[in-house]
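Structure record follows, encoded as structure tokens.
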Amino acid sequence: MKKSSAVIIGVGPEQGLGAALATFFAGKGLHVFIAGRSEGKLQAVAEKIRQTGGTATPVVTDATVGQEVAQLFNLTQREGFSVDIAVYNVDSNIPSPLLETDVQTFTALWQQNCLGAFLFGKEAINVMQPQQAGTLFFTGATASLRARPPFTAFAAAKAGLRALAQGMAREFSPQGIHVVHTIIDGVIDGDRAREQFPDYVKTKGNGGLLQLEAIAQTYWAIHQQPLSAWTHELDLRPFKEPF
């Protein structure tokens with residue numbers, strides 16, 4: 001039998017969702033293939049996982065380049081792993097009022113948040129189909145459901161991601177592949193938020209931010225759902241977050 005693994009793309013800082021998911025899955029006994037564009041960050045996350053008894057393979061990958069995404073999944077097969085979980089966690093956002101948004105910015109956001117998801121999802125499905133099993137996660141955002149200036153371009157890309165996930169779920173669920181779209185409706189308590197908008201983080205107070213471990217626990221619980229009761233879409237937010 002093949003060894004179990006998880007593939008997570010969009011792994012950045014050690015205190016980030018990609019790293020948290022990889023660490024959690026490794027703690028459950030899966031070998032994790034962690035992918036992203038920064039070799040230094042990947043190596044740091046991989047070393048942290050190894051220090052806690054897990055196993056990890058860092059793979060520098062640009063999610064918007066089809067050949068690189070294909071090579072990522074080819075590596076899992078050459079190494080003799082099944083892909084039990086695949087997570088598209090790439091999340092790039094650029095605030096820009098509509099009339100100040102140029103084609104380059106709009107295209108870049110679409111490539112990173114939607115096109116990359118298509119490339120990643122397609123390769124994941126190709127690996128999971130022979131297994132007739134596997135969970136494929138797409139990490140969305142509040143903008144997946146509604147657009148709010150100055151993030152209209154970002155929302156257009158995230159809405160496309162949601163549609164992609166929904167279509168894939170309807171096509172491949174009958175083949176045993178669980179496709180999930182998660183809406184992160186709030187601020188994650190990680191390095192990005194604390195470095196980019198520390199004052200806003202302080203205003204959220206105790207329990208006002210999404211905790212990385214809690215999100216990872218939810219992803220794992222969904223992965224373990226029985227076939228007769230699958231979740232396709234869910235939203236996660238702190239208990240005090242308005243919606």
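The values are calculated or read from the model by the stated rules, or taken from the named source; none is laboratory data. Every value quoted in this text rests on a predicted model; they were computed, and no experiment measured them. As a convention, Cβ positions derive from the backbone with ideal geometry for all residues, glycine included, and neighbour counts pool all protein chains shown. Heads up: the accessible areas ignore ligands, DNA and RNA and are worked out on the full protein's heavy atoms, side chains in. Shrake-Rupley method; radii C 1.70, N 1.55, O 1.52, S 1.80 Å.
Annotations
- Residue list for region 35-54, filter: open to solvent by 70 Å² or more (accessible area, probe 1.4 Å) and within 15 Å of I8 (Cα to Cα): R37, E39, K41, Q43
- Looking across region 138-152, the residues that are among the hydrophobic types (A, V, I, L, M, F, W, C) and open to solvent by 10 Å² or more (accessible area, probe 1.4 Å) come down to A141, A143, L145, A147, F151.
- Hey, Q225 over 30 Å from T105 (Cα atoms), of a type outside the set (A, V, I, L, M, F, W, C), open to solvent by 50 Å² or more (accessible area, probe 1.4 Å) and under 19 Å from the mean Cα position of the chain (by Cα) or not: no
- Selection within region 153-171: residues that are touching a helix residue (DSSP H, G or I) at 6+ places or on another chain (Cβ under 7 Å) and either surrounded by fewer than 16 Cβ atoms within 10 Å (Cβ to Cβ) or among the charged types (D, E, K, R) (or both). The member of this set that is farthest from E233 (Cα to Cα) is K158.
- Residue satisfying condition, being at negative phi and either at pLDDT below 95 or open to solvent by less than 20 Å² (accessible area, probe 1.4 Å) (or both), within set L115, L99, L119, L72: L72
- Residue check for F243: out of contact with any helix residue (DSSP H, G or I) (no Cβ under 9 Å at 6 or more places or on another chain) and either more than 27 Å from L115 (Cβ to Cβ) or open to solvent by less than 20 Å² (accessible area, probe 1.4 Å) (or both): no
- Residues in region 95-131 that are closer than 22 Å to G66 by Cα and β-branched (V, I, T): V103, T105, T107, I125, V127.
- Which numbered condition S92 misses (of (1) surrounded by fewer than 20 Cβ atoms within 10 Å (Cβ to Cβ); (2) of a type in the set (S, T, Y); (3) within 30 Å of M1 (Cα to Cα)): (3)
- Checking N93, N89 one by one, the residue that is closer than 17 Å to V180 by Cα, in contact with a Phe, Trp or Tyr (Cβ under 9 Å, 6 or more places away or on another chain) and of a type in the set (S, T, N, Q) is N89 and no other.
- Condition met for T135 (crowded, with 18+ Cβ neighbours inside 10 Å and closer than 24 Å to L98 by Cβ): no
- Test for T57: is it surrounded by fewer than 16 Cβ atoms within 10 Å (Cβ to Cβ), over 14 Å from E123 (Cα atoms) and in contact with a helix residue (DSSP H, G or I) (Cβ under 8 Å, 6 or more places away or on another chain): no
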